[in-house]
Structure formats: structure tokens, C-alpha cells
Amino acid sequence: MIEIFSILTQFFLFFLLFSFNIFVINIKNYKTYGFNSFSKNISFNIIIFLNLILIISFLNIGLNKIIYICLTYIFIIAIISIIKFKNFFYFSKNYLFNTLLLFISSIIIFFEIANNLVLGWDTQGFWIFKTLNFYNGFSIDNLSNLVNPFYPYLGSLSWAFFWKISISEHEYFGRLFYVFCFLVSLLLIVNNLKIRNFYKIIFFIFLIIISYDYTYFVDWGIFAGNQEILIFCLVANASYFFYEIHKNDNNDKINFNIFSILLICNLLVWIKLEGYVISLSFVLGLIFFCKIDNPKKFLIIFFYLLILSTRVFIFDFYNFNHYGFQHTSYQEFSITGIFYKISIDRIFILIKFLLIDIFANYLVILSLIILSLYLIKNKVSKLEFKMIMFFLYLISFNIIIFSGIFIVTDVDLTWMLKYALDRIIYQISPISFYLLMMHVNNLKLSH
């Protein structure tokens, strides 16, 4: 009974911490950027929170101090919200509808996790040790003493954060944050569909079901400490912001969406190494596929280079790369060595696994179905064509770059592809949400 109460409390803890938005300082901007939307408000606040604890961690302080700073920030924003709105939360029928939908779905999965306490293989190998490092009061400088210090640590830091502030001593309470992020990211997509609430419930359940990668994750493994789920959530959020950029002409809103995508890019490179490739695809997408003037493009490039240089500086400063490489599967990077690894046999092996994993992912299949519908459509608008090209760019860029990375691995290629490629496909699969929003909204199901 105590554990049930603790699980319920954990949901309301997430809900409370992510309900207060920094933009409440300016009510005009608060409304302009659509933060009266439940899912957008919470999604953006999660992005801000992750960036906040990341930046604070650079100061090399313990988790307790990070918690105090974050709670102080949230307390100040909450007080401002009371002054501005005369209450804690923005209330509406739609807000209450989304709160109830998120609560029910969260509690169901929370209880499932509590009954299936599983840690993934990678989690047991190194992610849990990074989490314990923070939970036990050590700062980031101690990560250099752990297994695979060259792996990013933000996901483990967030896990330790919510484990620490929960009223339970069970470590899985920290991982419930992953569930909350997952459901909010799906709710963000669903709420952007121009359909009635009944259909939103159907879509929400549908997206939850097809967003599990059954070929790789078992026993609720996407919430077993593996960091793929956080990448999934961030890519889903980025898909939403890209969609907003392409359908909006409002300059202020476009600037906000660009800013949000850049914040996501920063998080991606601090959660998994794959974040480098995915974030690069987003930045290039902004530069070449979005109507942005040249000064903004230069600012985007500058900001992204700042992200990468900060990542390199912190890892060098705290000696996380003392082995001289960033992945145990890659040792030889000479031009001769790379060309030696590329052969017809290895390319065919790659194509085989690529096709298997693509057609095993339900989100990718969904996007292929939508693309097929547009191929047989008599007339495609200019905007639709532009958005389809952008979707194909994002998917193709990531698949091609990751394929190139796999082909030059120093370990057995078949083994590498068997246990890693489906994770890559899973992480980039939320790009399909971009196509889904375009298609469903064009159908005008709300009428």
C-alpha cells in the first residue's frame, strides 16, 4: 500500500515540477508561444529542466546541491505564476482532459514497471554506475573512475535526480521520469492533430502501442535504464517543433521553435553518442530546409559549434576520454583502415539488417504507408511536397551516416548490427510523427 501511494505521489511530483514555465515572466510571450497548451508547456519545461541540471553539473557539485538549485528555480517560477495568474495552474476543460489522460496512462505503466523490475544489458554494464555515482553524492569528476567514462551522463543524472527526491528508496522511481517524458512527447504530437478529443484518445493509445520496439526491448525494456527512450522523446519533440516552423509564418514563433530545437540538440549530445549525428541532421535541416535568413543561420551554426565545443571541453577537463577513444568498437581511424573495412560483403550484410530493422519498426512502417498514400494522390501541394522532402532528408541523412559508422566498426559487423542497429532505428523513428501530423491535419478529420 505504501508503494502504491509512493507511485501516485511520483506522478504528481513530475506534474508539479514541470508545470511552471520560465516564460510566465512575460504573459504576452507565454500566450504567444502557446504555453496554455498542456503538453507543450510540460514538454518545453522538461527540455529546460534537463538543460538546467546539465549546466549546473558542470560546476562539479553534488546531486543534493543540484536539487536545491533546481527546486529554488521552480519555486521562484511558481510564485511568479501565482502573482500573474492568481493561482498555480492554467485551467481549462482541455487542460483537465490532458491531465487525466496523462495520469491514467502514466499510472498504468508505472505499476507495470514496479511489477517487472528489469535493467537492460547496457544499463547493468555502465548506465547504472553513472546513476549511482550521482545518487551517492559524487559529482561529475568521479565519472572518470567508472566504466566507459567517455559515454554521456545526462540520462543517468536525471535518473538519479528523481530517485533522490522520491519518497521511496527504490531506484526505479527515478526511471519513472523516462515514462513521463515518453507519454508527454506522444501527447504533444496527439494534441497537434486537428481531431476531436475522442480521436485523440484513440491516437494516443495507438501511438503508445506502436512506439515500443518489440524486436529489441523486452519486459518493458525501454524503461529499463537504457538511454534510447530519452533520445526517442527528444526526437519526437524536435519533430513537433520542425512541423511548427514549416506551417507558421509568425517570426516570433519560428524563432522560439528554432531555439527549442537547439536546446534539444544540446541535450542529444549529452545523452548518447548517437546524439551527435541526430543533432547534426537537425541543424542542417534548419539551415537548408527552413525559411531562415542568413544572420539566423550564422547564429544557429555558432550555437551548435558552442554546444560541441562545450561537450569536448568538459570531457577533456574532467578526463573522460583518458582511453583516447569514445567507443570500444572503434580503434582504427586511418584512411587506409577505413577503406579496408568497406567491402561488398559488409555492405550486403548491412543492407540485410537495415531492411529487417526498418520493417520491424511500426513507426517507420506507418511513415511508409503515409508516403505511399501521397504517391498515389492526384495532387500534392507545394507545402506538402516540401514537407515530404524534409522528412525524407531527416530519415535518409541519419540512416546513411549511421550505416557508414557501422560499416567501419572494428568488431564483428554482424554482431554489431544485430544488437545495435534496431536501437538506432528506434531512436530516429519519431521523425515519422512529423509526417503523421502533416497527413492527419491535411485530412481535416475534425470536420
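Remarks
- Among the residues making up the range 129-178, those that are open to solvent by 10 Å² or more (accessible area, probe 1.4 Å), not in a helix (DSSP H, G or I) and not polar (S, T, N, Q) are Gly137, Phe138, Leu146, Val147, Tyr151, Ile167, Glu169, His170, Glu171.
- For the range 27-55, a residue qualifies if it is open to solvent by 10 Å² or more (accessible area, probe 1.4 Å), part of a helix (DSSP H, G or I) and hydroxyl-bearing (Ser, Thr, Tyr), and the qualifying residues are Tyr30, Thr32.
- Any hit, the range 309-316, residues being assigned to a loop (DSSP other than H, G, I, E, B), out of contact with any strand residue (DSSP E or B) (no Cβ under 6 Å at 6 or more places or on another chain) and at pLDDT below 95: no
- Gly125 fulfils the conditions (1) open to solvent by 10 Å² or more (accessible area, probe 1.4 Å); (2) under 19 Å from Leu17 (Cα atoms); (3) not in a loop (DSSP other than H, G, I, E, B) except for a single criterion, (2).
- Here Ala114 passes the criteria (1) hydrophobic (A, V, I, L, M, F, W, C); (2) closer than 20 Å to Ala224 by Cα; (3) surrounded by 20 or more Cβ atoms within 10 Å (Cβ to Cβ) except the one numbered (3).
- Residue in the range 68-79 that is at pLDDT 95 or above and in contact with an Asp or Glu (Cβ under 6 Å, 6 or more places away or on another chain) present: no
- Where Asn26 falls short, out of the listed (1) more than 16 Å from Ser105 (Cα to Cα); (2) under 21 Å from the mean Cα position of the chain (by Cα): (2)
- Only listed residue being in a helix (DSSP H, G or I), touching a helix residue (DSSP H, G or I) at 6+ places or on another chain (Cβ under 7 Å) and modelled with pLDDT under 95, chosen from Asp345, Asp357: Asp357
- Scanning the range 3-14 turns up no residue that is under 23 Å from Asn192 (Cα atoms) and open to solvent by 20 Å² or more (accessible area, probe 1.4 Å).
The values are calculated or read from the model by the stated rules, or taken from the named source; none is laboratory data. The shown structure was predicted, so the numbers you read here are calculated from the model rather than taken from an experiment. Positions of Cβ are backbone-derived with ideal geometry, glycine not excepted, and every protein chain shown enters the neighbour counts. Note: areas computed on protein heavy atoms with side chains; ligands, DNA, RNA excluded. Shrake-Rupley method; radii C 1.70, N 1.55, O 1.52, S 1.80 Å.
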